[in-house]
Amino acid sequence: MVTFAKTIRSSKSDHISKTNQMLDDFIPIAKEVGVSTLQLVLAWTLHQKGITHLLCGARNESQAKDNAKAGSVTLNNDLIKSINNIFNKYFG
């Protein structure tokens with residue numbers, strides 16, 4: 001018998017696996033732009049329609065500064081399209 005807890009754990013594990021695979025696919029784009037993968041994801045999120053700001057956690061001052069740098073990252077339409085395609089490959 002499959003329990004609800006087992007289903008949740010399996011679903012969570014699958015989601016984490018997909019997310020990690022997607023982030024691996026983002027690495028070449030981040031290198032092209034000259035930013036970290038996290039900065040790329042934050043910048044892409046900021047470029048989404050209706051998003052005006054982000055709240056993201058940081059464990060220390062260095063992480064907070066790195067996160068803030070994402071606000072000055074410019075992504076052209078081709079890069080946004082590439083990132084959207086990768087995102088949709090896993091979660092579309």
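What follows is calculated from the coordinates using simple rules that are stated; it is not laboratory data. Remember, it's a predicted structure, so these values are computed and weren't measured experimentally. Counting neighbours? That spans all protein chains shown, and the Cβs are built from the backbone with ideal geometry, glycine included.
Worth a mention:
- Tally of Lys pairs whose C-alpha atoms are under 22 Å apart, taken over the chain, 8 or more apart or cross-chain: 14
- The stretch 13-62 has equivalent-ellipsoid semi-axes of 19, 15, 14 Å, by the square roots of 5 times the alpha carbon gyration tensor eigenvalues, sorted largest first.
- Karplus-derived 3J(HN,Hα) values for the stretch 62-77, using 6.51 cos²θ - 1.76 cosθ + 1.60 with θ = phi - 60°, are 4, 5, 4, 5, 4, 4, 5, 4, 4, x, 9, 7, 9, 10, 7, 4 Hz; glycine and proline are entered as x.
- Projected label points at ILE80 and ILE51, each 7 Å from Cα along the beta carbon direction, are separated by 1.1 nanometres.
- For the stretch 31-39, putting each phi into the Karplus relation 6.51 cos²θ - 1.76 cosθ + 1.60 with θ = phi - 60° gives couplings of 5, 4, 7, x, 9, 6, 4, 4, 4 Hz, in residue order, rounded to whole numbers and with x for Gly and Pro.
- Put simply, the stretch 30-92 fits an ellipsoid with semi-axes of 20, 13, 12 Å; these come from the alpha carbon gyration tensor as the roots of five times its eigenvalues, largest first.
- Between SER72 and THR19, the modelled labels are 2.9 nm apart [label points 7 Å from Cα along Cα→Cβ].
- Taking every C-alpha pair closer than 8 Å and separated by at least 6 residues, the mean separation divided by the residue count of the chain gives a relative contact order of 31 percent.
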